[in-house]
Amino acid sequence: MIPDILSHGQYDTVYNFLSLVIASQLFTALFLLISLPRILPRYRQAITVAIIVCGIAAYHYFRIFDSFKEAFVTTSVGGTGDYTQAVGTGFNEGYRYVDWFLTVPLLLVELIAVLALARKVQSGLLMRLVPAAALMIALGYPGEISGENSLRIIFGLLSMIPFAYILYILFVQLSKSLTSQPASVRTTLSRLRYLLVISWIVYPIAYVLPLFNAGGGDAWVSKQVGYSVADIVAKAVYALIIFSVAKAKSYEDSSEFAASERSHEDAVKGRK
C-alpha cells in the first residue's frame, strides 16, 4: 500500500533513485546508439532492441517520476518536512507494469538476437519466450492492484507458471545453443542468464511483501529502491554486456573488422 506520509529523507531517497534510473537508461541508450557502427551488421539487431528497451524504460520512469512528485507534497519551507499524499492525486504504480509488459519480452529478444542462431532455431525460441514473458507480467498485474491477499496469491502463483517455463528454456533448451558460440563469449552469455534471473527475483519479493503486512513508509521506499536497482541491472547493465558480447563476436567473425577497430582505438588513445 502507498503510505499516507513520507519523511523528508524517504521522499529524497525515492526522488533520487528515480532520477538515477532515468539517467542510466537514457545515457545507456545514447551510448549504444553512437556505438552501433562498432559492431558488425548481423549483431546490430540485438543492440537496436537494447536501445529500444532503455528508451521505453526512460520514458516510463519520466512518467513515474512526475507521478511521484504530484502524489506527495509538503507545505514546509524548503521542503524539509514530511510529505503527504496530495488530495485527488495518487501515485501510479501501473506505469511499471506497462514498462515491464513491453521490456521484459524484449530483454529475451536481445539475448536471442546476439546469439545469431539459425533463423529456424531463433524463431522457435522467440515464439516460446516472448509470449511467456508477456503472460508472466499480465498475470501479475491483477494481483498487484488488488487489495485482497487471496487474489494476490492466486495471480502471483499463476504468473510463476510462465516464469518457470522461461527458466526451462533459458537453462535447458538454450544451453544447447551456447555450445556453438565462440569460446570468448560462451561464459559471459551463460552468466548473462543468471544476471537476468537474479535481477527479476526482486520483483516477486516486492510482490509478496503485502502478504506479510510489510507496510509503511520504509517498506514502500525499499520497494521503490529495489525496483529501481533491478531495472538498472536488468536493462542498462544487461544491455552493456550484450554490447560487449556483440563486439567480441564481431572481432571473432572478421579479423579485418577487428584490425580496423583496434587501429581506430589505438589512434584515439594516441590523440589523448
Q: Please find, within segment 77-90, the residue that is nearest to Gly143 (Cα to Cα) out of those that are touching a helix residue (DSSP H, G or I) at 6+ places or on another chain (Cβ under 8 Å) and in a loop (DSSP other than H, G, I, E, B).
A: Gly90
**Q.** Count of segment 40-63 residues which are open to solvent by 80 Å² or more (accessible area, probe 1.4 Å) and either on the phi > 0 side of the Ramachandran plot or touching a Ser or Thr at 6+ places or on another chain (Cβ under 9 Å) (or both)
**A.** 2
Q: Quick one: Leu108 ticks every box in (1) crowded, with 16+ Cβ neighbours inside 10 Å; (2) more than 13 Å from the chain's Cα centre (by Cα); (3) closer than 19 Å to Leu189 by Cα except a single one, so which number is it?
A: (2)
Q) Got a number for residues in segment 129-147 being over 13 Å from Leu209 (Cα atoms), open to solvent by 40 Å² or more (accessible area, probe 1.4 Å) and out of contact with any Phe, Trp or Tyr (no Cβ under 8 Å at 6 or more places or on another chain)? A) 4
Q.
Checking Gln173 against (1) closer than 17 Å to Glu93 by Cβ; (2) open to solvent by 20 Å² or more (accessible area, probe 1.4 Å); (3) in contact (Cβ under 8 Å) with a residue 24 or more places away in the chain: exactly one of these is not met. Which one?
A. (1)
**Q.** Subset tally (residues that are in a helix (DSSP H, G or I) and touching a residue at least 40 places away in the same chain (Cβ under 8 Å)) for segment 2-28
**A.** 15
Q. What tally of residues in segment 204-218 results from selecting those that are in a helix (DSSP H, G or I) and in contact (Cβ under 8 Å) with a residue 24 or more places away in the chain?
A. 8
Q. Leu125: closer than 20 Å to Gln45 by Cα and either within 16 Å of the chain's Cα centre (by Cα) or of a type in the set (A, V, I, L, M) (or both), yes or no?
A. yes
Q: Go through segment 113-145 residue by residue and tally those that are within 22 Å of Ile51 (Cα to Cα) and in contact (Cβ under 8 Å) with a residue 40 or more places away in the chain.
A: 8
Q) Which pairs have Cβ atoms under 6 Å, sit 6 or more apart or on different chains, and link a residue in segment 185-203 that is under 26 Å from Gln224 (Cα atoms) and in a helix (DSSP H, G or I) to one that is open to solvent by less than 50 Å² (accessible area, probe 1.4 Å) and of a type outside the set (A, V, I, L, M)? A) Val202/Gly226
Q) Can you tell me how many residues in segment 20-39 are open to solvent by less than 40 Å² (accessible area, probe 1.4 Å) and under 14 Å from Ile242 (Cβ atoms)? A) 6
Q.
Please verify whether Val104 is under 26 Å from Met1 (Cβ atoms) and touching a residue at least 12 places away in the same chain (Cβ under 8 Å), treating the condition exactly as stated.
A. yes
Q.
Test of understanding: among Ile153, Ile161, which residue is more than 26 Å from Tyr59 (Cα to Cα), modelled with pLDDT of 90 or more, surrounded by fewer than 19 Cβ atoms within 10 Å (Cβ to Cβ) and among the β-branched types (Val, Ile, Thr)?
A. Ile161
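The values are calculated or read from the model by the stated rules, or taken from the named source; none is laboratory data. Not measured: the values here are computed from a predicted model. Here Cβ is always computed from backbone atoms with ideal geometry, including for glycine, and neighbour counts include all displayed protein chains. Heads up: the accessible areas ignore ligands, DNA and RNA and are worked out on the full protein's heavy atoms, side chains in. Shrake-Rupley method; radii C 1.70, N 1.55, O 1.52, S 1.80 Å.
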